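Notes for the one structure printed next.
Any read-out appearing in this document is the output of simple, stated calculations on the displayed coordinates, not a laboratory observation. Everything numeric here is computed off the predicted structure, so don't read it as measured data. Please note: Cβ atoms are built from the backbone with ideal geometry, for glycine as well, and neighbour counts cover all protein chains shown.
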Amino acid sequence: MATIAIAAPHPAGIEAARQMAAEGGGVVDAALAAAAALTVAYPHQCSIGGDLVALVRDGARGIVRAVVSAGAAAAADPAPLRAAGGRMPAGGPHTVTVPGVVAGWAELARLGARLPLARALAPARALAEDGVAVSAGLARAIRNRLDVVRADPGLSALLLDKAGEPLPAGATLLQPALAATLAELSEDWRHFYTGPTARRLVAGLRARGSLLDMADFAAHRAENTAPLSTTRDGVTWWVAPPPSQGAALLAVLGRKSDPLTAARQAELSRDALLGDPRSGGIDIDGLLLREQRDTAALPSGPKPAGDTVAVTAVDDEGNAVTLIQSVFQSFGSGIADPATGVVLHNRGSAFSLDPAHPGALRPGARPPHTLCPALATGPGRVVALGCQGGRAQAWILSQVADALLDAPDPEALLARPRWVIGSRDLNRPGPTLVLEPGVPDSDGLIAVADGLGLAVAEVPGPHDEAGHVQMARLRGGVLDAASDPRADGAAVVLTGAAP
């Protein structure tokens with residue numbers, strides 16, 4: 001009988017996990033069911049039309065693996081995009097790469113699920129068919145991107161009422177096309193890449209001018225690889241390797257004397273050095289700030305906004321999952337495919353159009369990724385962390401990570417005011433330090449920001465830009481979990497049935 005601590009940014013994810021525990025599922029089943037439910041309840045932040053990055057720990061063997069399921073497009077052609085402007089478009093069909101979520105789920109299931117993947121998809125399918133209440137977060141996102149929603153027939157049909165007005169919080173969100181797609185994937189998840197689901201998605205994309213084809217979908221594989229790690233004071237921190245920005249988190253962890261300078265240095269290094277190892281060498285030492293690089297002399301990547309969900313789960317045997325799945329910007333590319341009900345991401349907007357950049361748009365390349373799940377392991381501890389926050393995920397996690405190793409009240413810790421840095425990704429005209437009210441040593445941070453050439457913006461709190469952290473933990477044989485109050489979520493400890 002497994003006991004599982006799990007946190008997710010929406011209660012539908014927790015309820016789906018509860019169903020898996022009641023059926024004898026383990027930590028992977030619970031995390032998968034929560035992740036699938038979130039693609040229905042939180043279409044502004046994640047979808048089966050997005051990507052996934054995860055870390056999985058085998059408690060019996062103490063082994064951590066990274067699952068990176070980020071798609072590419074073999075037929076990518078940067079020439080017409082360069083001719084149209086200096087950067088990738090923020091949305092539209094040319095920002096859609098092959099979605100990796102479904103293949104990522106299948107790989108996670110292979111690594112440790114006790115139940116068939118179809119069981120993990122069942123609660124999500126029911127939510128799509130029977131309806132889920134529009135959350136406060138989704139209602140905000142519809143209002144904030146109303147022009148994008150109204151411009152797309154699929155999003156309009158999904159998110160506007162009969163009078164063409166945004167669905168308010170509490171309204172019922174019905175997604176019959178997505179329910180049918182989830183039913184199809186329950187029969188065989190490969191349908192998303194080689195079967196009828198893929199054919200519908202490709203037809204819809206190509207009608208909009210995308211270069212993606214069936215061969216691109218069929219070629220997609222989730223990568224199961226070794227994570228990056230660093231050990232300090234007996235605790236090992238694990239993150240996903242490039243194209244994930246996980247190295248940025250390792251670079252700033254432990255630099256408590258001047259966290260803002262460390263974050264700014266890591267940000268500049270990430271923007272200049274992050275790309276796809278499959279397409280060329282990646283400067284890991286530069287990303288980790290082990291060696292200084294003249295980033296001003298290097299081409300910098302684009303700075304699009306991002307939106308994600310994190311699910312974290314740990315059981316009483318030290319098995320753990322932390323996964324992040326995303327459509328990148330709210331509602332991704334701004335395309336909801338009517339035939340499948342799938343909201344398609346805009347992860348391709350993170351490509352650079354500079355051919356000298358390691359994250360340049362190239363045939364078959366995966367874009368640089370903001371997704372940054374993290375695990376910590378040490379004597380008597382397993383901590384799974386993840387957060388919403390786009391490009392700021394590393395700085396958000398760095399402010400809570402060390403304290404969460406032993407915090408007696410993790411929910412109170414996650415509620416504390418935080419700061420982030422960014423520019424276009426935070427809707428700021430230039431590099432900016434954004435502070436919630438009451439951030440510790442805000443005067444010192446503002447002074448450092450001035451020296452770094454950062455503008456300063458103070459925002460009402462709690463604020464979405466400060467991220468939605470999810471945490472699950474095994475500490476001294478005791479399980480607990482916490483969900484950030486900035487989200488709509490919850491955290492519970494579940495006692496399941498015998499497998």
- How big is D for segment 444-499, in µm² s⁻¹ as a whole number, if Stokes-Einstein is applied with the Kirkwood radius of its Cα pairs at 20 °C and 1.002 mPa s? 144 µm²/s
- Mean ellipticity per residue at 222 nm, deg cm²/dmol - from DSSP H runs of n ≥ 4 across the chain, formula -39500 (n - 2.57): -9500 deg cm²/dmol
- Please report Rg over Rh for segment 108-151, where both radii come from the alpha carbon positions and Rh follows the Kirkwood definition. 1.21
- Query: Which whole-Hz couplings ³J(HN,Hα) result when phi for each residue of segment 413-419 is put into the Karplus expression 6.51 cos²θ - 1.76 cosθ + 1.60, θ = phi - 60°, listed in order with x for Gly and Pro?
  - Reply: 5, 5, 7, 5, x, 9, 10
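If each residue of separation counts as 0.36 nm, what is the full-extension length gain between ARG150 and ASP58 once their alpha-carbon separation is subtracted? Kindly include the intermediate steps, with their values, before the conclusion.
Numbers: separation 92, 0.36 × 92 = 33.12 nm, distance 4.53 nm.
Length gained between ARG150 and ASP58: 28.6 nm.
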- Diffusion constant of segment 129-240 at 4 °C, which comes from Stokes-Einstein with the Kirkwood Cα-pair radius and 1.567 mPa s, µm²/s: 74 µm²/s
- Item | Relative pair counts by distance (%), Cα atoms of segment 373-499, 10 Å bins | 13, 40, 29, 14, 3, 1
- Note on the structure: One finds the C-alpha centres of segment 1-51 and segment 355-412 to be spaced, in Å, by 19 Å
- Query: To the nearest 0.05, how large is the calculated FRET efficiency for ALA215 and ALA183 if R₀ is 35 Å and r is the Cβ-Cβ distance?
  - Reply: 0.85
- Message: What distance in nm lies between label points placed 7 Å from Cα along the C-beta direction at ALA203 and ARG290?
- Response: 5.1 nm
- Extending each Cα 7 Å along its Cβ direction at LYS162 and ARG110, get the distance between those two points in nm, one decimal. 4.8 nm
- Modelled label reach - SER300, point 7 Å along Cα→Cβ, segment 376-399 residues with backbone N closer than 13 Å: none
- Message: Restricting things to Cα coordinates, could you compute the convex hull volume per residue of segment 362-424 in Å³?
- Response: 108 Å³
- Averaging over all projection directions, find the projected area of the Cα convex hull of segment 80-186 and quote it in nm² with one decimal place. 9.3 nm²
- What share of all Cα pairs of the chain, in percent, falls into each consecutive 10 Å distance bin? 4, 22, 33, 28, 12, 1, 0
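May I ask you to order 178-187, 30-39, 405-414, 324-333 by the average number of other C-beta atoms within 10 Å around their residues, highest value first?
For the peptides 178-187, 30-39, 405-414, 324-333, the packing ranking is 30-39, 324-333, 178-187, 405-414.
Rounded if a/c is under 1.5, else prolate if a/b is larger than b/c, else oblate: which is segment 245-394, with a ≥ b ≥ c the root eigenvalues of its Cα gyration tensor?
oblate
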- Message: Positive end of the dipole of segment 160-273, charges at C-beta (+1 Lys, Arg; -1 Asp, Glu), about the Cα centre: which of PRO259, LEU211, ALA240 has its Cα farthest in that direction?
- Response: PRO259
- Task: Run the dipole for the chain about the Cα centre, Lys and Arg Cβ at +1, Asp and Glu Cβ at -1, nothing else charged, and hand back the magnitude in debye, nearest 20.
- Result: 800 debye
- Task: Give the whole-number value, in cubic angstrom per residue, of the convex hull volume spanned by the C-alpha atoms of segment 44-129.
- Result: 147 Å³
